[in-house]
Protein chains: 2
Amino acid sequence: MTATVSFRPTTGERAGSVRDSLPGEVSDIVERASSAAPEVAATSPRERQLWLEAIAESLLDHRDELVRLADCETALGQERLTGELTRAAAQLRFYAEVAVEGSYLDLTTDSPTATTPALVRINQPLGPVAVFGASNFPFGFGVLGNDTASALAAGCPVVAKAHPAHVLLCARLGDLARDALATAGAPAGTFGQVVGFDAGVQLVTEPAIRAVGFTGSQAGGTALWRLANERDVVIPVFAEMGTVNPAVMTPASTARTSEVAAGFVASFTLGSGQFCTKPGLLLAPAGHGVAAEVGRALAAAAPSATMLTRGIAEAASTGVDALVEGGAEVVARTGRSDKGWSADTVVLAAPSTALHVGSRLLEECFGPVAVVVEYASVDEAVLALGQLQGSLTATVVTDGTGTDPHAALLISTVARNAGRVTVDDWPTGVAWTWAQQHGGPWPATSAPGSTSVGAAALDRFVRPVSYQSTPDPWLPEPARAADPWRLPRRVDGRLELA
Amino acid sequence: MTATVSFRPTTGERAGSVRDSLPGEVSDIVERASSAAPEVAATSPRERQLWLEAIAESLLDHRDELVRLADCETALGQERLTGELTRAAAQLRFYAEVAVEGSYLDLTTDSPTATTPALVRINQPLGPVAVFGASNFPFGFGVLGNDTASALAAGCPVVAKAHPAHVLLCARLGDLARDALATAGAPAGTFGQVVGFDAGVQLVTEPAIRAVGFTGSQAGGTALWRLANERDVVIPVFAEMGTVNPAVMTPASTARTSEVAAGFVASFTLGSGQFCTKPGLLLAPAGHGVAAEVGRALAAAAPSATMLTRGIAEAASTGVDALVEGGAEVVARTGRSDKGWSADTVVLAAPSTALHVGSRLLEECFGPVAVVVEYASVDEAVLALGQLQGSLTATVVTDGTGTDPHAALLISTVARNAGRVTVDDWPTGVAWTWAQQHGGPWPATSAPGSTSVGAAALDRFVRPVSYQSTPDPWLPEPARAADPWRLPRRVDGRLELA
């Protein structure tokens, strides 16, 4: 019998372990989710709002305990984790509000004409969703994070896979969620959790699972995506993966290089650089000493970095070596400590010629590492940006006057290959609002039109069904003339508010 | 130098040929589409409406010539083809209207708060789309059909792959489209076409192609989907594929068995059974002689069937043999002619025990072939429906009174595994309206949330980008405060009409 062992990143010591789920246990948990699916799908968004509120309340009620446990396993710090727990509770409430608003159902009705039948189109929940949370946000993107909150809000049961980097926290969160849901009257099987690598693989291949949400590395996300693509019935995998997230300075922005350098360092070292939105590459005009200035800013900030896992710490270190092999040179480096899973924070510089197809510089180096590439002309910067992989975010740094002559060109250039564009604003924060987009072109996301944060997160877990010539009493309840959920809708092509 | 040869299905004689595109030609056509993409994306929906109107006008202006050519290559009949050409022109106009309405851009704005930045989210065209049209609808789902119309309406250049079953028509349609677009002022490269199997493979692997639309067989659709999944930058493939499309009669509907049998025969033999929405399976209560009645209806109608290609004719014949091997028996068969690519029209019957996992009865037999399976109880029917593949459509036949006691259960059962549910209405017609859904769970569609017909068809060819803290002049034009396209939008969570 195997177990998933938890470690303290600050010391590398063992913190505990959780027994891995056996194959029969995984099947049982999926079976319970599958049995609950029709009942969950039939509940109104207002009922599900009570469930999500109950989970949010439970998180807040157990805040101190949960933050201590999370800090023990992740070393992300109590302040950050307290903020993140509060965020996770707010997200649960936000997705419930999005469901109650009802646009996610996209109710559309066509009256019959002489040549066309009556049609009523409405989204339906897909069924049980497997959620693989992230290592780096144990609350916000963890087993009760955006994916779980948006899937439950959309009317889908969830089976989460516990993250090995904080398995004790996952187990506790799972217990709290199940208790809260039971007290709030949700069907048994609305939320379940499995533990262990093999259990995760089995989860994706279980026929009753209808979609997968994943946040993590490109290697992990594409592996799950390939696995799902080999099923008899292929299911969508919404994998949000790591990317380079370029930032580009306009020529005029060099007037404020020291401010930009400090902001860039703060952003790429935040949370030890363990953000999927970390800006990993700064394109700057040559001849203004930007790389050196970023190096000085790093030395001045002198951040220390404890990484989430031994593997991540090692990959950050070998990643720096690979960047050097790829043509970059180290400009500044702060020393790691010899306790636990510490890593150097590093600024490198590289010539723009190093940004060619196949270059290591085009790939993410997860951790507190960034590369400054100096460009000779804006045309060269545009060409270099065209070489990059699809990214979650891209940042344009202007002179701040609102009249920077190169801003428009660089903004439209980066928008072709990113999901979110930030202007004079670092990308590391991701607001959970209606207009948020946290997904981008491959390989930032396996489904480039999807988002794991923001109101549209629910759209991943529903699919439309059209009902033709179907008498009102036999339509799904929310689509009936009585309009019990008070939905916004489109009638004969015209939008109508609720 | 290879060529694609066209044949007359009525006689099997050669009708002509078109030279296959060389690899360099394919690259050039894609390059022109790629060069045109930014300009196409920047045009307003009203400008693109003029382009689509011009193509529609050209189709109608060349109606007699096009119908004659299509009938020569497909044998679908001048009446049907004239109607389909009119439909194709109307579709081009419909998708343009959907674009002008503007909801497909999903404009969403969040005002900044103390803790969140300003965000503006708007959909952007993906870029060049490869379109693989269907054999069975040379106008409606062909190189100028739904996929091309919705991609152009959404602001994406299109490179179509000519269908080998009507390659002469494709070549002519391509010329007309290019001429119409040029006259209407569209950039060169807005529409291109390639010919030949190898050219189609190359098209999917060309880096500049950003999405694929496909209508056809499961084998063809999944092959393209696998090819796209092996790219460095994976792109979405929207493959709409053939399925069984079950119909189920309630017990009470047996009061009108002869009417149902006649309707079923008319639907499954329409267009020689060459509809992706053909109902291929009728589940009927045992003890009412439904299979025999369907057999009598077929004998009475005595349709003849000329198939689109030799391969389709042969597959229809071997498909019947496979159904017999799978446990079905032939109830009625009308003889094929010995001229050209004729096929039998066939009704088979099978016990419900034949509907087990792996059974040939669960797969589509493309052509004028259908199976009647009699069930002993409604519970057995529900179980049998649960064995079926995902389908584009599913039909429930009731007693027509609106109070049929089993209708609600069977409607909700089939809705779990189909994209469109028709009640007392055969599924073979597909209206191009706002509420249409022509897509379904795998393997009906490679992307179960997508549709190739109806207003939502545009959604496949755009992706969202959020602009954070971005001054108004640097937002994409339609997202600016001046609102030049007069878009409906969501502001701080509230829908606002245009």
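The values are calculated or read from the model by the stated rules, or taken from the named source; none is laboratory data. Keep in mind it's a predicted model, so treat the numbers as computed, not measured. Every residue, glycine as well, gets a Cβ built from its backbone with ideal geometry; the counts of neighbours run over all protein chains shown. Just so you know, the surface numbers come from the protein's heavy atoms only, side chains and all, with ligands and any DNA or RNA stripped out. Shrake-Rupley method; radii C 1.70, N 1.55, O 1.52, S 1.80 Å.
How do the helices (runs of 4 or more DSSP H) wholly within region B:239-341 filter down when requiring 3 or more residues that are at pLDDT 95 or above and open to solvent by 40 Å² or more (accessible area, probe 1.4 Å): which remain?
Working: elements: B:257-269, B:290-301, B:310-325.
Per the criteria, B:257-269, B:290-301.
Restricting attention to region A:7-26, which residues are surrounded by 15 or more Cβ atoms within 10 Å (Cβ to Cβ) and either farther than 28 Å from A:ARG87 by Cα or not assigned by TED's automatic domain parsing to the domain that holds A:GLY185 (or both)? Don't jump to the end; show me each part of the working.
Narrowing region A:7-26 to residues surrounded by 15 or more Cβ atoms within 10 Å (Cβ to Cβ): A:7-10, A:15-18, A:20-22, A:25-26.
The answer is A:ASP20, A:SER21, A:LEU22, A:GLU25, A:VAL26.
How many residues, within region B:66-114, are assigned to a helix (DSSP H, G or I) and touching a residue at least 24 places away in the same chain (Cβ under 8 Å)? Walk me through how you get there before you give the answer.
Step one: of region B:66-114, the residues assigned to a helix (DSSP H, G or I) are B:66-74, B:78-101, B:103-105.
When the remaining residues are screened for being touching a residue at least 24 places away in the same chain (Cβ under 8 Å), the result is B:66, B:69-70, B:72-74, B:80-81, B:84-101, B:103-105.
Count: 29.
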Can you tell me which residues in region A:388-402 are within 9 Å of chain B (Cβ to nearest Cβ) and either in contact with a helix residue (DSSP H, G or I) (Cβ under 6 Å, 6 or more places away or on another chain) or part of a loop (DSSP other than H, G, I, E, B) (or both)? A:GLN389, A:GLY390, A:VAL396, A:THR398, A:GLY402
What single numbered condition from (1) over 20 Å from the mean Cα position of the chain (by Cα); (2) open to solvent by 10 Å² or more (accessible area, probe 1.4 Å) fails to hold for A:LEU348? (2)
Look at region A:431-446 and say how many of its residues are over 19 Å from A:THR395 (Cβ atoms) and facing chain B (nearest Cβ under 7 Å). 2
Matching residues in region B:141-175 (out of contact with any strand residue (DSSP E or B) (no Cβ under 7 Å at 6 or more places or on another chain), open to solvent by 10 Å² or more (accessible area, probe 1.4 Å) and farther than 19 Å from B:SER217 by Cα) number 2
For region B:192-204 the number of residues that are under 28 Å from B:GLU364 (Cβ atoms) and assigned to a helix (DSSP H, G or I) is 7
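For region A:170-186, how many residues are more than 20 Å from A:LEU458 (Cα to Cα) and either outside any helix (DSSP H, G or I) or touching a residue at least 24 places away in the same chain (Cβ under 8 Å) (or both)? Working first, answer last.
In the first step, residues of region A:170-186 are kept if they are more than 20 Å from A:LEU458 (Cα to Cα); the result is A:170-176, A:178-180, A:182-185.
Filter again for either outside any helix (DSSP H, G or I) or touching a residue at least 24 places away in the same chain (Cβ under 8 Å) (or both), leaving A:170-174, A:176, A:179-180, A:183-185.
Adding up the residues that qualify gives 11.
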So for region B:77-93 (the condition being open to solvent by less than 30 Å² (accessible area, probe 1.4 Å) and β-branched (Val, Ile, Thr)), does at least one residue qualify? no
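Which of the residues spanning region A:358-387 are β-branched (Val, Ile, Thr) and within 19 Å of A:GLY319 (Cβ to Cβ)? Can you show your working first?
The first filter runs over region A:358-387 and keeps only residues β-branched (Val, Ile, Thr), leaving A:369, A:371-373, A:378, A:382.
Across region A:358-387, the qualifying residues are A:VAL369, A:VAL371, A:VAL372, A:VAL373.
Would you point out which residue out of A:ARG489, A:ARG463, A:ARG480, A:ARG494 is more than 8 Å from chain B (Cβ to nearest Cβ), of a type in the set (Lys, Arg), surrounded by 19 or more Cβ atoms within 10 Å (Cβ to Cβ) and over 30 Å from A:VAL260 (Cα atoms)?
On the way: A:ARG463 fails: more than 8 Å from chain B (Cβ to nearest Cβ); A:ARG480 fails: surrounded by 19 or more Cβ atoms within 10 Å (Cβ to Cβ); A:ARG494 fails: surrounded by 19 or more Cβ atoms within 10 Å (Cβ to Cβ).
Sole residue among the options that is more than 8 Å from chain B (Cβ to nearest Cβ), of a type in the set (Lys, Arg), surrounded by 19 or more Cβ atoms within 10 Å (Cβ to Cβ) and over 30 Å from A:VAL260 (Cα atoms): A:ARG489.
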Flag for A:VAL233 being outside any helix (DSSP H, G or I), more than 25 Å from the chain's Cα centre (by Cα) and among the aliphatic types (A, V, I, L, M): yes
Unmet criterion (only one of (1) at the interface with chain B (Cβ under 10 Å from one of its Cβ atoms); (2) assigned to a loop (DSSP other than H, G, I, E, B); (3) not aromatic (Phe, Trp, Tyr)) for A:THR428: (1)
Provide a single number: the residues in region A:403-434 that are modelled with pLDDT under 95 and farther than 23 Å from A:VAL453 by Cα. 0
Identify, please: which residue in region A:227-238 is more than 8 Å from chain B (Cβ to nearest Cβ) and touching a residue at least 60 places away in the same chain (Cβ under 8 Å) and is, among those, most open to solvent (accessible area, probe 1.4 Å)? A:PHE238
With the structure loaded, tell me whether B:ARG87 is under 21 Å from the mean Cα position of the chain (by Cα), basic (Lys, Arg) and either within 14 Å of another protein chain (Cβ to nearest Cβ) or under 15 Å from B:ARG172 (Cα atoms) (or both) or whether it fails that test. yes
Conditions (1) open to solvent by 20 Å² or more (accessible area, probe 1.4 Å); (2) within 13 Å of another protein chain (Cβ to nearest Cβ) -> A:ARG178 fails only (2)
For region A:363-383, name all the residues that are in a helix (DSSP H, G or I) and open to solvent by 10 Å² or more (accessible area, probe 1.4 Å). A:VAL378, A:ASP379, A:GLU380, A:VAL382, A:LEU383
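Assess whether A:GLN124 counts as being outside any loop (DSSP other than H, G, I, E, B), within 13 Å of chain B (Cβ to nearest Cβ) and crowded, with 24+ Cβ neighbours inside 10 Å.
Values: outside any loop (DSSP other than H, G, I, E, B): yes; within 13 Å of chain B (Cβ to nearest Cβ): yes; crowded, with 24+ Cβ neighbours inside 10 Å: no.
Against the criterion (outside any loop (DSSP other than H, G, I, E, B), within 13 Å of chain B (Cβ to nearest Cβ) and crowded, with 24+ Cβ neighbours inside 10 Å), A:GLN124 does not qualify.
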Only one of B:ASP64, B:ASP106 is surrounded by fewer than 23 Cβ atoms within 10 Å (Cβ to Cβ) and in contact with a strand residue (DSSP E or B) (Cβ under 6 Å, 6 or more places away or on another chain). Can you tell me which? B:ASP106
